[in-house]
Amino acid sequence: MFSSRAGLVLLISAALLAPPAFAANTRRTAKTAHTSTSHKLLHGRHKARRARGQQAIDSNRVTQIQQALIREHYLTGEANGDWNSTTVAAMQKYQADHGWQTKLMPDSRALKSLGLGPDYSTALNASGSSFALPPSTGAPSTQDSGFIAASGVHQ
């Protein structure tokens, strides 16, 4: 019995210590060790990131902003459409005087205050729109009377 146990232990130990014949090679070569990002950076083949969002203010819009700042006495001279340091400083001063942020340019509240907000005059429902109450027929219907009584509002 002792010899069979010793033989069994020896057999199990040998099986655990010996590498199996069917195991895959897990060693990585230098070429496959790179991640895709480091590989691109090392070989100079990485793509430049595409800038998103608005990158610059249109010169016509800058001219409008400059004209509004001149009108409000925050900028002197002629509006030239160039978003330069003088225009930036004037816009920052205008925004700071109104208690708005001065880091991001320009603030939407400042543009609205300068009269440069969105124009809804060409919207589909802008011309001839009326927000008046619908015409009254005189006496309320019985259902309306019930709602009025239940609401506790007296007309």
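Coordinate-derived values only; no laboratory data. Keep in mind that what you see is a predicted model, and the values were worked out from it rather than measured. Positions of Cβ are backbone-derived with ideal geometry, glycine not excepted, and every protein chain shown enters the neighbour counts.
Remark: spin-label model distance Gln67-Lys93 equals 2.2 nm, labels positioned 7 Å along the Cα→Cβ axis.
Per-residue 3J(HN,Hα) values for segment 63-75, derived from phi via the Karplus relation 6.51 cos²θ - 1.76 cosθ + 1.60 with θ = phi - 60°, read 4, 4, 5, 4, 4, 5, 5, 5, 4, 8, 6, 9, 9 Hz in sequence order (x marks Gly and Pro).
Charged side chains reduced to their Cβ positions (Lys and Arg at +1, Asp and Glu at -1) give segment 59-113 a dipole of some 180 debye around its Cα centre. Listing Trp83, Trp100 from fewest to most neighbouring C-beta atoms within 10 Å gives Trp100, Trp83. Which of rounded, prolate, oblate describes segment 59-113, given a ≥ b ≥ c as roots of the alpha-carbon gyration tensor eigenvalues and a/c under 1.5 marking rounded, otherwise prolate only if a/b is larger than b/c? Judged from the Cα gyration tensor, segment 59-113 comes out prolate (a/c at least 1.5, a/b above b/c).
Full extension of the chain between Ala149 and Tyr120 yields a length gain of 6.4 nm, computed as 0.36 nm times the residue separation minus the alpha carbon distance.
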